[in-house]
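See structure below.
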Amino acid sequence: MSNQRYKIQKIGISNFRGITEGRTIEVAGKHLFLLGPNGFGKSTVVEAIRWCLFGSTGQQEIEVRNTFYPSKASEVVINLVADNKALNVRRLFSPGASRSRPTITDRDGKDINLEDAFPQIARLGPPTGTQVIFAAQHAAGRQQAEIQDFSKVLYFYLAIEEIPELLENLHKLTEERRAEREAMAKSLDDFAQELRNNLAVIQGKKEEISKNPPWGKGSIPTRTETERKIDLLFHDMARLVDEVPPADLSCHEKLQKIEEWSGTFASSKQEHLRAKSDELQIRRDKAQITKDSCQNTRNHIDATKNKKSELEDKERSLLKGQTLKDLRAQVEEAKKAYDEDSLRSEIMGLVATYRDNYNPSHCPACNSALASEKVGKPQGMGKDRCSELEEITRRVNEITAVRGDIDLNLQSLSSLEKENEKLTKDVQKTTGKINSTMLEVDHLIQELDSDIRALNEQLKDAQSECDGRNRRINERKAEERFHYYQEQVAAIEKVLSKDIEVPRNALAEYDDFLATIEAVGKLLLEAFNKQIDSAIPPLAERLTGVYAKLTGHPSYDGVAIAKQTSVPEKMEPGRLELQVTSSKCPGRSFPVNVLNGQAARALQLVPYFVFSDYWHNLMELDLLLVDDPSESFDTSHLENLMQVLHSVASHTQLVIASHEGDRMLPLIEKYFPINERCVIAVIDFDPFKGPTFEQR
């Protein structure tokens, strides 16, 4: 940007703190003096300028709203002009928002970023009271900031304000990079340890293979020899399964293919043999069942025939040369005789009873004369006939039962004969011959047993062949793994012995780099301290001169700059602090809290007045805002203050607010020509409208 000085042309304030209705102050680039009683809104104008440029730094922004109209937007607009440029700075705090929003436009209404308009804009001083607002041309492009630390103020005006930050960044950089270096070193150590652990594991696997070497008792084969063995096994297996061996396969892929072929071949052959053996076993089981069934049936037939003969013998024994018919006739005759004897015995019993009771002379049935002797009861009448009847009846029943058993036996024998005929046909079907004998069935079973044993032997042979192939495959796999482990061991040992030295050397170079940064930082800190140390005595003398002129303090009549000890390890320069001295106590300095109100107020202004002569030709915006500078100042020292203000007014635009219009106005008119001053009197204040301004 060109070297041009911006000055405030006009200020517009609306709904900002005590200013309710919009107020516009035409400054026209002059120094602005606001005079009026306390509480009428003078300080509000000073604060509005600061707020427009910086916002509510460190405060809640809601405090800028007007108490009576909080739902309205707060707005401050500052028109800045230079020789051939103009800027319109506007800050708006909308209702419901939490932060204000600034905008900057040029003469043509084009939006401009604050950083582009003022690459380095800063505010010196506390949030209220005396403030210096400035922007240096061609600065580093930092964002707006507040500088309240005397050290930073001094650094800025000595053009070394970036050095402490640079030192801090260097220290931070070294700390971060050292932490990174430690992390990298730890990662490298962890990586090396992991490699050593992997090396131990792989060597263990390699040694395990060597204990039972798959290549036998000879020397360890080379990888080429192992690959040749694998290739030979690969082609042999391809011929066995009648496959065309694929080309361009690695040893690992060939072993996988060999294993696949071997498994398929063994499974197919074993399944075929098992299927054939199962088929023969089924035939053998059927033949055995047929044989056992035939034998059982014939045994049943023989047993049934024997039982029949036994029953027939028993029947003949019971008949005793008679027929069953004769025996049944004898039973009828015996029963008849038995019944007759029984009836006679009963009649004789009745007759005897009748004679005993009635003593008749004639028979009541036939009227024949009765003998004189008594009729006795029959003794044992029918006993022999009863025994005979029982014997004949028993024989008849037994013979009948035997004949029933014989009939059942004949039926069973008939069924067995039919079953035997069916089984005979099954035998013929099993042997495939007509009129086959059981001997032929036995021969068939023996043949089948022999065939089954032969198939089982073939299965064993097939499994042995498969085991042999698998053993060879596993041997080749073990050889291939051995070479793989050997290569891994060599690769890891190479990394541990050579390759890992590269990052270790890089770490060493990194250490050198960090040491260089630390050395640069210490040299920079040393040079910085030298410059500060050389600047402090003359600066303290100038500060004392201005301070003495403003205060004329009888006890504390000097200003000292106390510098704390630097911390080279942290690249921290010693913090600077303003203190006061007394000619009555040489060699000592005192904190500023020993001063009364006027002296303390004056000391607050001193640095800005002294530093205003530095770099003023580079400032594109330079404002000095002073709220009530006359407070705590007596009349004589107040004129000294105005003299100092006049000295800096050549390059700084002043904005002064004072409640002591009677004392200030004559001094303003004395030191500032009418064409350089804009005096605004605040003559009234309405809470619902705001202050009433009158230009004088």
Item checked: Amide H partners (placed H, <5 Å) of Thr692, local residues excluded -> Ile683, Asp684, Phe685, Asp686
Notebook entry, point to check: Over 28 Å between Cα atoms, which of Lys42/Lys72; Lys85/Lys670; Lys206/Lys254; Lys206/Lys229; Lys211/Lys494 qualify?
Noted result: Lys85/Lys670
Check: Once you sort the root eigenvalues of the Cα gyration tensor of region 174-322 as a ≥ b ≥ c, which label holds: rounded (a/c under 1.5), prolate (a/b larger than b/c) or oblate (the other case)?
Finding: prolate
Next item on the list: Determine the gain in length on full extension of the stretch Ala337-Lys584; use 0.36 nm per residue of separation and subtract their C-alpha separation, reporting nm with one decimal.
Entry: 70.6 nm
Checklist line | Computed over region 1-110: relative contact order in percent, which uses C-alpha pairs under 8 Å that are six or more apart | finding: 29 percent
Checklist line | Accessible area of Leu444 in the full protein assembly, 1.4 Å probe (Å², nearest 10) | finding: 20 Å²
Next item on the list: Could you sort out which of Lys308/Lys429; Lys269/Lys477; Lys305/Lys422; Lys186/Lys570; Lys7/Lys689 sit more than 30 Å apart by Cα distance in this structure?
Entry: Lys308/Lys429
Checklist line | With DNA, RNA and ligands ignored, accessible area of Tyr155 (1.4 Å probe; Å², nearest 10) | finding: 10 Å²
Checklist line | Whole-number percent relative contact order across the chain, with pairs defined as alpha carbons under 8 Å at least 6 apart | finding: 23 percent
Margin query: If you consider only alpha-carbon coordinates, what radius of gyration and Dmax does the chain have, in Å?
Written below: 68.6, 209
Next item on the list: Leaving ligands, DNA and RNA out of it, rank Leu319, Leu232 by accessible area with a 1.4 Å probe, largest first.
Entry: Leu232, Leu319
Next item on the list: Just grab the label-to-label distance for Asn169 and Glu440, each label 7 Å out from Cα along the Cβ direction, in nm (one decimal).
Entry: 11.4 nm
Notebook entry, point to check: What are the semi-axes of the equivalent ellipsoid for region 292-343, taken as the square roots of 5 times the Cα gyration tensor eigenvalues, largest first, in whole Å?
Noted result: 43, 10, 6
Notebook entry, point to check: How high is the FRET efficiency between Asp302 and Ala401 when r is their beta carbon distance and R₀ equals 22 Å, given to the nearest 0.05?
Noted result: 0.40
Check: For region 552-592, what % of the accessible area comes from carbon and sulfur atoms, probe 1.4 Å?
Finding: 51 percent
Notebook entry, point to check: With a Cα-only, solvent-free Debye model of region 392-526, what are the log10 I(q)/I(0) values at q = 0.09, 0.13, 0.18, 0.22 Å⁻¹?
Noted result: -0.75, -0.92, -1.08, -1.20
Item checked: Per residue accessible area of the chain, 1.4 Å probe, in Å² -> 55 Å²
Check: Between region 528-549 and region 174-247, what is the C-alpha centre distance in whole Å?
Finding: 75 Å
Next item on the list: Determine, from the Cβ-Cβ distance of Arg228 and Glu457 and an R0 of 35 Å, the FRET efficiency 1/(1 + (r/R0)^6), rounded to the nearest 0.05.
Entry: 0.50
Next item on the list: Provide the packing ranking of 25-32, 351-358, 221-228, i.e. peptides ordered by the mean count of other C-beta atoms within 10 Å per residue, highest first.
Entry: 25-32, 221-228, 351-358
Margin query: With the crude spin-label approximation of a point 7 Å out along Cα→Cβ, what separation in nm comes out for Leu496 versus Glu63?
Written below: 6.8 nm
Note to self: What's the magnitude of the charge dipole for the chain around its Cα centre, counting Lys and Arg as +1 and Asp and Glu as -1 at the beta-carbon? Answer in Debye, nearest 20.
What the structure shows: 740 debye
Notebook entry, point to check: Tell me, what % of the accessible area of region 448-501 is carbon and sulfur with a 1.4 angstrom probe?
Noted result: 45 percent
Check: For region 441-600, what percent of Cα pairs sit more than 18 Å apart?
Finding: 79 percent
Checklist line | Whole-Hz couplings from phi, Karplus 6.51/-1.76/1.60, listed for region 318-326; x for Gly and Pro | finding: 6, 6, 6, x, 9, 9, 5, 5, 4
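The values are calculated or read from the model by the stated rules, or taken from the named source; none is laboratory data. Worth saying up front: this structure is predicted, and the values here are computed from it rather than measured. So basically every Cβ, Gly included, is an ideal-geometry build from the backbone, and we count neighbours across all protein chains shown. Just so you know, the surface numbers come from the protein's heavy atoms only, side chains and all, with ligands and any DNA or RNA stripped out. Shrake-Rupley method; radii C 1.70, N 1.55, O 1.52, S 1.80 Å.
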